Amino acid sequence: MMRFLVFLIAVYLIYYLIKNSIKGKTARNTYQSPQGNKEKKPDVVNTHLKEIAYVYYSSAKDSDTCDVCKALDGSHLLPNHKMLHDIKPPYIGCKSPEGCRCTLVYVTRDEEGSGEIESLLKRRGGMCDRRTIERGLVR
Ligand SMILES: [Zn+2]
């Protein structure tokens, strides 16, 4: 009988220890919660995007610049436009012997005239080529 009781106490102690270690782990997990970091990151991105009025594509525009890059040159997009990811340079199929030298230029809202282009882009679905921007601004 005594042995049985000792066995029970031992089992209970082991159970108690395991339970505590699990609790400790979950408590630590919530403390170092990666969600906390995830919640912060979009905020940083959002505040960053809030300051960007629009983005435009800039190619080198010399004799080595390939046709695709030339065609994309001057394309204006809103910073949250889904195409931005697709056209993000360097263009993999670029035929320039020097490789793609295109860049995306981020224009902030405090830049003069940026609001005009931003609202033009909003009216045109978020993306315009160079000509549309030029015509839209002349009007
Ligand atoms: Zn390019």
Fill in the blank from the handout: Within segment 49-75, of all residues that are of a type in the set (Lys, Arg) and in a helix (DSSP H, G or I), the one nearest to the ligand (Cβ to nearest atom) is Lys70
Fill in the blank from the handout: Per the filter on segment 59-87, residues within 22 Å of the chain's Cα centre (by Cα) and surrounded by fewer than 17 Cβ atoms within 10 Å (Cβ to Cβ) are Asn80, Lys82, Met83, His85, Asp86
Practice task
Go through (1) closer than 26 Å to Asp62 by Cα; (2) without any contact (Cβ under 8 Å) to a residue 24 or more places away in the chain; (3) of a type in the set (S, T, N, Q) and name the single condition Thr103 misses.
Solution key: (2)
Handout entry: Residue that is farthest from Arg123 (Cα to Cα), among those in segment 76-97 that are charged (D, E, K, R) and in a loop (DSSP other than H, G, I, E, B)
Key = Lys95
Fill in the blank from the handout: Counting only residues in segment 98-139 that are in a loop (DSSP other than H, G, I, E, B) and within 16 Å of the ligand (Cβ to nearest atom), the one surrounded by the most Cβ atoms within 10 Å (Cβ to Cβ) is identified as Cys102
Problem - Those residues of segment 76-97 which are within 14 Å of the ligand (Cβ to nearest atom) and of a type outside the set (S, T, N, Q), in sequence order - result: Asp86, Ile87, Lys88, Pro89, Pro90, Tyr91, Ile92, Gly93, Cys94, Lys95, Pro97
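Each reported figure results from applying straightforward, stated rules to the coordinates on display, with no laboratory input. Keep in mind that this is a model prediction, so the values were computed, not measured. Every residue, glycine as well, gets a Cβ built from its backbone with ideal geometry; the counts of neighbours run over all protein chains shown.
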